[in-house]
Each structure stands twice: as structure tokens, then as C-alpha cells.
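Presented below is the structure to which this report refers.
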């Protein structure tokens, strides 16, 4: 990553900036999601009535977790500093806009763009990143994705953009790993000077 190259940082929400009490194994079991399949892709293939019921269950689980969750230490300060430096901040999440709005209002944080699953550009995939590049008129070498999961690894790989993983989740791929938001801030703010 070149210091002068960073013009936009795409952040994942859950697990990266925000800690919510999700037990994905239990959630997948409750929704009947087969081993190795993603929740949203599984639900999308179901017949309409079943899809509606499962989506309603998922929304209720997500809403409850959002209400119980909390913003990670240092996130507000990092986002404020990026704004001061003129670096675009994008939130790319498979969560719902309703939950994102709850979090942004509760903690007084903002983003230049928010992409949620209602827009139809879910992770893993490169539709959202291509949209972001087009909207901001940026080349992929001026963008970094910050996440915590395999979906983020896949999205960065498909998009051919740099990736920073926050946390200790065992993942494979070409990325920089940081321990926490404090280390992420140090890396990003030094990189963008």
C-alpha cells in the first residue's frame, strides 16, 4: 500500500467496527442452513413463503443482537480522523439498513456511503466494491477493505483491492492482519499521511 494511494476505506460492520452477540452456528441451525452454505444465499433459494418466514426470523435475531452490541473502542476517533483527512469512509455490510441506522445514531458516527443487503450487493462479491469505485471515481489501488471474515477476504480478492483483517479469526489469503482497532488506527493513519 502506498501512503498517497489511500482515498477510500471500506469497512465491514459486525465483528470489525461493532461487537454484536451473534452465535452464527446456532443461528444457522435455527434457520436450517446446511453446513458450508451462507445464510443469505440459502434463504434466497427458498420458496417465497418459507423465504419470508426465515428472513423474518433472521431480522429479529439481527435486531436483538444490534441492540445488545457495542461499538468497539477507538472506532469513533478513527472515523473522525479519517474524515478530517478527507478520506472517504464506506460501510459495506450484509446487515440491515435499519440496524446500521440504529448504530450510527446511537454512537454519532457517519459514513460517506452505506451499502446494506437491501441494495442487493452482498458479500462475498464485487458488485458493491465496483459500485463504490465508480461512484467516487477511484482506482482499486486507492481503496482498502477492512473486515474480519472470510466474506471480506473473498470480496477483496474478487475486487482485487487491498485488505486489512481485524482480529484473530483464522483466515487464509493475502492481507495485513491487525490485532484491534487501536492497531488499525495506527496503520491507517500512518499510511494516509
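Rule-based calculations on the coordinates, nothing more; no lab input. Computed from a predicted structure; not experimentally measured. Glycine gets a Cβ as well: all are built from the backbone with ideal geometry, and neighbour counts include every protein chain shown.
Observations
- The range 51-80 versus the range 135-193: alpha-carbon centroid distance in Å: 21 Å
- Point-to-point label distance, residue 30-residue 63, nm (Cα→Cβ direction, 7 Å offset): 1.3 nm
- On Cα atoms only, tilt of 127-136 relative to the major axis of the chain in degrees: 40 degrees
- Virtual paramagnetic centre 7 Å along Cα→Cβ of residue 139, amide N under 20 Å, in the range 3-25: 3-10
- Label-to-label distance, nm, for residues given as residue 98 and residue 46 (7 Å Cα→Cβ offset): 1.6 nm
- Calculated mean residue ellipticity, 222 nm, the chain: -13500 deg cm²/dmol, from DSSP H runs (n ≥ 4) at -39500 (n - 2.57) each, averaged per residue and rounded to 500.
- Antiparallel beta bridges, as assigned by DSSP with both residues in the chain, represent about 10 percent of the total such bridges.
- Fluctuation leader among 89, 140, 49 - the chain, Gaussian network, Cα springs under 10 angstrom: 49
- Stretched out straight at 0.36 nm per residue, the stretch from residue 37 to residue 176 would grow longer than its current Cα-Cα span by 47.4 nm.
- Residue with peak Gaussian network fluctuation, the chain [Cα springs, cutoff 10 Å], from 116, 50, 93: 50
- By the equivalent-ellipsoid construction on the alpha carbon gyration tensor, the chain comes out with semi-axes of 28, 18, 16 Å, ordered largest to smallest.
- Of all the options 125, 15, 108, the one that moves most in a Gaussian network model of the chain with Cα springs shorter than 10 angstrom is 108.
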